[in-house]
Amino acid sequence: MSQYNLIIFPRAEERIDSVIDFLLIEWGFQSQQKFMAELKYCFKIIEINPF
């Protein structure tokens, strides 16, 4: 099965960084890490099956 490359545009990356910073400040390190792991998982799914 082919795998595609997911492109994250700079504006999206800035927004993701803002959410990650917010989670660290408001909810702590564990919440931030869980969010990042889930986001990476979602990105991987999109790369495998973008349609």
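Bear in mind these aren't lab numbers, they're just calculated from the coordinates by the rules spelled out. Treat the numbers as computed from the prediction; the structure is a model and nothing was measured. We place every Cβ from the backbone using ideal geometry, glycine too, and count neighbours over all the protein chains shown.
Within segment 1-44, list the chymotrypsin sites (Phe, Trp or Tyr not before Pro) lying in a DSSP loop whose Cβ has at most 16 other Cβ atoms in a 10 Å radius. Answer by residue number: TYR4. Quick one: Debye curve from the C-alpha atoms of the chain, no solvent, what's log10 I(q)/I(0) at q = 0.20, 0.27 Å⁻¹? Treating every Cα as an identical point scatterer, log10 I(q)/I(0) equals -0.74, -1.00. Given +1 at the Cβ of Lys and Arg, -1 at the Cβ of Asp and Glu and no other charges, the dipole of the chain around its Cα centre is 180 debye to the nearest 20.
The C-alpha atoms of the chain define a longest principal axis, and helix 10-27 lies at about 40 degrees to it. Compared with the dominant principal axis of the Cα atoms in the chain, helix 29-48 is inclined by about 10°.
Considering only SER18, PHE29, PHE51, whose Cα is most displaced toward the positive end of the charge dipole of the chain, charges sitting on Cβ of Lys, Arg (+1) and Asp, Glu (-1)? Positive-most Cα among the choices belongs to PHE51.
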